[in-house]
Number of protein chains: 2
Amino acid sequence: MEPHLSIDEVARRTGLTAHTLRYYERIGLIGPVGRTASGQRRYAPSNMAWIEFLLRLRTTRMPIGKMQAFAALRGAGDPTVPARRQMLEEHLAEVLTEIEAMRCAADALQAKIEYYRSCEQRLALESSIERGNEHEQRKSVPARTGQAEGD
Amino acid sequence: MEPHLSIDEVARRTGLTAHTLRYYERIGLIGPVGRTASGQRRYAPSNMAWIEFLLRLRTTRMPIGKMQAFAALRGAGDPTVPARRQMLEEHLAEVLTEIEAMRCAADALQAKIEYYRSCEQRLALESSIERGNEHEQRKSVPARTGQAEGD
DNA sequence: GATTGACTTAGAGCGCGCTCGAACTTTTAG
DNA sequence: CTAAAAGTTCGAGCGCGCTCTAAGTCAATC
């Protein structure tokens, strides 16, 4: 039981498909991967670590082209360490910017959800009045906010 | 100077292209937009507010198909408010999950950057020793960390 | 009246990131 | 020994989100 995994096992562990793993290798993102005598892939722990790193880059939406550039630098060995670090630093900066943009948009969505909640209260109240049930009133509903037509 | 903007002006203000604005309208994301007598689009403030909302959805990576569904609900008026709220709540939950995933991956990238920095120190030290300059040593460099082949 | 330039529609095309199909070989279970 | 499962290569195809082209209309300027 050596720690060299078949492509299906790697697929299972990483969540990628075997198709995608071959694709990544084809385009130079992964490799070289060991082979059995008959040509089947066997992934070593170092391959796994690299794939996991690629997945982190993917999570942060690095485009494949940049990953290829990074992989090429990595293949060129130690002298490219500064270049690789710089790539990561630039990418990280973009990622942090984007996280902030998403957080900001998420806040706006939260506000909208709350606005909808107030709409629902008002609508419920109006329809109950319409049906003649003028009780059921718990809190005063804020009439109608000036949400600037956002909806 | 009414507050009804031409498509180019809207493009300028939103960062979308005129092409994309027409595309969004075509697929039912935007609309209806007012027209001049000769058929040119004139965007009202309510259109602008909706577009800005769409852009927030896009920032949070809602797929266009979902935006279309949302737009359709909106077009159906008040009774769909609860459904709209639910869509937003579900989407927001996904967004928060994804923000967390990105933040986590970003942390890993930061760690890798720091690892590279230590590599650079070690490499600089080694090459200076190789050249016979055995001074230049400031801090003890941690020999070589066992970064599990991540690189 | 002619030209310039912003606008219109319908529909084709593109870049990205996979995803799948076809045809074949190897491994494994019964 | 056989049959099914899993692997291989090569190349085509797909879904998404635009992006652009072509052909034409209209408004304003020379």
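Of the residues in the stretch A:97-104, at least one is within 16 Å of DNA strand C (Cβ to nearest atom) and either surrounded by 14 or more Cβ atoms within 10 Å (Cβ to Cβ) or over 30 Å from B:Asp78 (Cα atoms) (or both).
The residue of the stretch B:51-66 that is farthest from DNA strand D (Cβ to nearest atom), among those that are assigned to a loop (DSSP other than H, G, I, E, B) and surrounded by fewer than 20 Cβ atoms within 10 Å (Cβ to Cβ), is B:Arg61.
Restricting to the stretch B:115-136, and then to whatever is polar (S, T, N, Q) and at pLDDT below 90, can you tell me which residue is farthest from the chain's Cα centre (by Cα)? That would be B:Asn133.
Kindly list, by first and then second residue, each pair from a residue in the stretch A:26-50 that is within 14 Å of another protein chain (Cβ to nearest Cβ) and in a loop (DSSP other than H, G, I, E, B) to a residue that is within 15 Å of DNA strand C (Cβ to nearest atom) and modelled with pLDDT under 95, limited to pairs with Cβ atoms under 6 Å and residues at least 6 apart or on different chains. Within 6 Å, the pairs are A:Ala44/A:His4.
This table checks each residue for (1) under 30 Å from B:Arg13 (Cα atoms); (2) hydrophobic (A, V, I, L, M, F, W, C).
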site: B:Thr36; (1), (2): yes, no
site: B:Gln40; (1), (2): yes, no
site: B:Asn47; (1), (2): yes, no
site: B:Phe53; (1), (2): yes, yes
site: B:Thr59; (1), (2): yes, no
site: B:Asp78; (1), (2): yes, no
site: B:Met87; (1), (2): yes, yes
site: B:Glu126; (1), (2): no, no
site: B:Glu130; (1), (2): no, no
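Out of A:Thr97, A:Thr20, A:Thr80, one residue alone is modelled with pLDDT of 95 or more and within 15 Å of DNA strand D (Cβ to nearest atom). It is A:Thr20. When the stretch A:8-29 is filtered for residues that are more than 12 Å from DNA strand C (Cβ to nearest atom) and under 26 Å from A:Ala69 (Cα atoms), the ones remaining, listed by number, are A:Val10, A:Arg13, A:Gly28. As a summary of the residue check, B:Lys112 satisfies the conditions (1) under 16 Å from the mean Cα position of the chain (by Cα); (2) at the interface with chain A (Cβ under 7 Å from one of its Cβ atoms) except for the one numbered (1).
The values are calculated or read from the model by the stated rules, or taken from the named source; none is laboratory data. None of these values were measured; they are calculated from a predicted model. Cβ: placed from backbone, ideal geometry, glycine included. Neighbour counts: every protein chain shown.
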